[in-house]
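Reviewing the structure listed below.
The values are calculated or read from the model by the stated rules, or taken from the named source; none is laboratory data. Everything numeric in this text was worked out from a predicted model, so none of it was measured. Methodologically, a virtual Cβ is constructed for each residue, glycine included, from the backbone with ideal geometry; neighbour enumeration extends over all protein chains shown. Each accessible area value is taken on the protein alone, full model and side chains, heavy atoms only, with ligands, DNA and RNA left out. Shrake-Rupley method; radii C 1.70, N 1.55, O 1.52, S 1.80 Å.
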Amino acid sequence: MCLGIPGQILNVRDEGLFTRTGQVSFGGIVKQINLSYTPEAEAGDYVIVHVGFAITMIDAQEARRVFEYLEQINELEDIQS
Amino acid sequence: MKFLDEYRNAEAAQGYAEAIHRIVTRPWTIMETCGGQTHAIIRFGVDELLPPQVTLLHGPGCPVCVTPVELIDKAIAIARRPNVLFTSFGDMLRVPGTETDLLSVKAQGGDVRMVYSPLDAVTLARENPDKQVVFFAVGFETTAPANAMAVYQAHQQGLSNFSVLVSHVLVPPALTAILESPDCHVSGFLAAGHVCSVMGYTEYEPIAQRYQVPIVVTGFEPVDILHGIYLCVKQLEEGRAEVENGYARAVKTEGNTHAQNLIREVFHIVPRKWRGIGEIPQSGLGLRPPYDRYDAEQRFGLADWHVDEAGECISGLVLQGIKKPHECPAYGSRCTPEHPLGATMVSSEGACAAYYRYRRT
Ligand code: SF4
C-alpha cells in the first residue's frame, strides 16, 4: 500500500482548490490523479503518486544526485590510491 | 519507467556496495523503517551485496502489519452489518483478526469492496445514499493526505452516510519506542522517503541528537537504498549522528506544506496501539472536531471495544528488529502467505512475506 510510484502528468483537467485533478501516465498506464497537493506541477512534470494523490514533485535536477555522488567518491578513491 | 529503472542499475548498485566495503571498519546495524524498502532489499538482494559488518534490520514501517487485531475485529464487525458498504485498500482484506478476515466476510455475503483511493469511497457514498459507506483509513504519514482529503470532501458535500475507521500511525514516535527498548541494537536508521516527502525531516533531528543515531532519508530503489546505507555507514564511521537527505529528488526539508495543512485540519495526534508492540503515546492520528462525526467507531458504537492479542505470532518482535522472520517457529510451516498467522505475512511489504517470497532457504 505504501508504495509511491513516479508518473508523468499528461494534463490538468480540473483546477479546483481541493479537486485539482489530471491524467498521469505510469509508463503508459494512465490514471486520473488528484493534484491538489502539488498545485505547481504542470503537464510534463513528474510526480510521486500514492493512493491516488500526487504527494510530491520529482526534482529533475536532484534526480542525478545519487549518480554524481557515486562518481565523486570514486574519483576521491582514485586520487587517494 | 523514468525515475525508476535508472535506480535499479546494477553497475551503480555495485559501485555503492564497493564504496561501503571500502569505508566500513566495524560492525553496524542499520534499520530501514519502511516496508517498501524491506520489500526492495529482499527482492533485489541488496543485503547480499553488503560487507559482513553491516546488518540490516527490518523496521515497523508497514501499515498493514502494525494495525492492531482490535481494529481488524472492529472492521469485521462493521462489515458484517446489513446496510454497510465497507471499503478498504486490497492488502487489508486478508489480514487475520481474532477469528476471521474481511475477505471471508465478503465471501459470506458482506458488501466489502477494494478501492484504489479513499476518494473512491467518497464517490461510493454519494452514489449509495441508502447505505452506510465506511472506509478503513490505515496508513502512515504517506496515506494521511489522501485520507484527510476524503473526510474533508465528505464534509464539504454533507455526506452523512460516510465514515472512516481510523488506524493512522506516525513514524517518529515508533523510532523513539524502538530506541527506548532495552533490546535495541540499532546504530542508524534509513528514514522512509515518502513519509518525508509529506512531512519533511526536521522532526527527526531531536531523535538523532538525543539517541546519537544517524538518520538518512532514503528512497525505495536498490541504488537509493545503497546510497542511504553508504551515507549512514559513513556517518557512523566518522562518529556523526545527523539527519541527512539521501532522497532529494522527492523530499524537501519542510515536506509538502499543502498536505500538512489539510492533515492538521482534519486530524490531531492521539495515542495508538501497534500490533505486537502495544500502545505508543502520541503515535497516531485521530479525527478532530468537527470531523470526528465521521468516526466509524463512534457511529457504530465500538469505541469501547477492546481485544487482546494472542497466539504464537512474534510479528511484534520482527517489527522492532529484534527477531528475523525465519527465527519464528511458525514461519513457512504453520504460517505462509496462503494461511498467514500474522499481518507481516500478509502484506508484500511485511518482512515475513518478503522473506517467504524471495528467500525460501
Ligand atoms: S512467520 Fe507468521 S507467525 Fe511468525 S512472525 Fe511472521 S507473520 Fe507472525
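General remarks:
- Boolean, residue B:30 is modelled with pLDDT of 95 or more, open to solvent by less than 60 Å² (accessible area, probe 1.4 Å), assigned to a strand (DSSP E or B) and of a type outside the set (S, T, N, Q): yes
- Test: residue in the stretch B:85-102 that is surrounded by fewer than 23 Cβ atoms within 10 Å (Cβ to Cβ), under 27 Å from residue B:174 (Cα atoms), in contact (Cβ under 8 Å) with a residue 24 or more places away in the chain and basic (Lys, Arg): yes
- Number of residues in the stretch B:317-339 that are of a type in the set (Phe, Trp, Tyr) and modelled with pLDDT under 90 equals 0.
- The listed residues are B:272, B:264, B:357, and the only one of them that is basic (Lys, Arg), without any contact (Cβ under 8 Å) to a residue 12 or more places away in the chain and not in a loop (DSSP other than H, G, I, E, B) turns out to be B:264.
- Considering the stretch B:51-153, the qualifying helices (runs of 4 or more DSSP H), each wholly inside and each with 1 or more residues that are within 14 Å of another protein chain (Cβ to nearest Cβ) and not aliphatic (A, V, I, L, M), run over B:63-66, B:118-127.
- From B:301, B:332, residue being away from every other protein chain (no Cβ under 14 Å), within 13 Å of the ligand (Cβ to nearest atom), at positive phi and among the small types (Gly, Ala, Ser): B:332
- Pairing residues of the stretch B:1-28 that are under 11 Å from residue B:50 (Cα atoms) and free of Cβ contacts under 8 Å to residues at least 60 places away in the same chain with residues that are open to solvent by less than 80 Å² (accessible area, probe 1.4 Å) and not in a helix (DSSP H, G or I), at Cβ distances under 8 Å and at least 6 apart in sequence or on separate chains, gives B:21/B:51.
- For the stretch A:1-28, the set of residues classified as in a strand (DSSP E or B) and at the interface with another protein chain (Cβ under 10 Å from one of its Cβ atoms) consists of A:5, A:6, A:7, A:8, A:21, A:25, A:26, listed by residue number.
- Residue list for the stretch B:197-252, filter: β-branched (Val, Ile, Thr) and open to solvent by 40 Å² or more (accessible area, probe 1.4 Å): B:202
- Odd one out for residue B:318 among (1) within 12 Å of the ligand (Cβ to nearest atom); (2) surrounded by fewer than 21 Cβ atoms within 10 Å (Cβ to Cβ); (3) in contact (Cβ under 8 Å) with a residue 24 or more places away in the chain; (4) within 18 Å of residue B:181 (Cβ to Cβ): (2)
- Residues satisfying the stated conditions in the stretch B:335-347, i.e. over 16 Å from residue B:66 (Cβ atoms) and more than 9 Å from the ligand (Cβ to nearest atom): B:337, B:338, B:339
- Positions within the stretch B:103-115 being open to solvent by 30 Å² or more (accessible area, probe 1.4 Å) and under 21 Å from residue B:342 (Cα atoms), in sequence order: B:103, B:104, B:106, B:107, B:114
- When residue B:357 is tested against (1) within 14 Å of chain A (Cβ to nearest Cβ); (2) open to solvent by 70 Å² or more (accessible area, probe 1.4 Å); (3) within 16 Å of the ligand (Cβ to nearest atom), exactly one condition is not met: (1).
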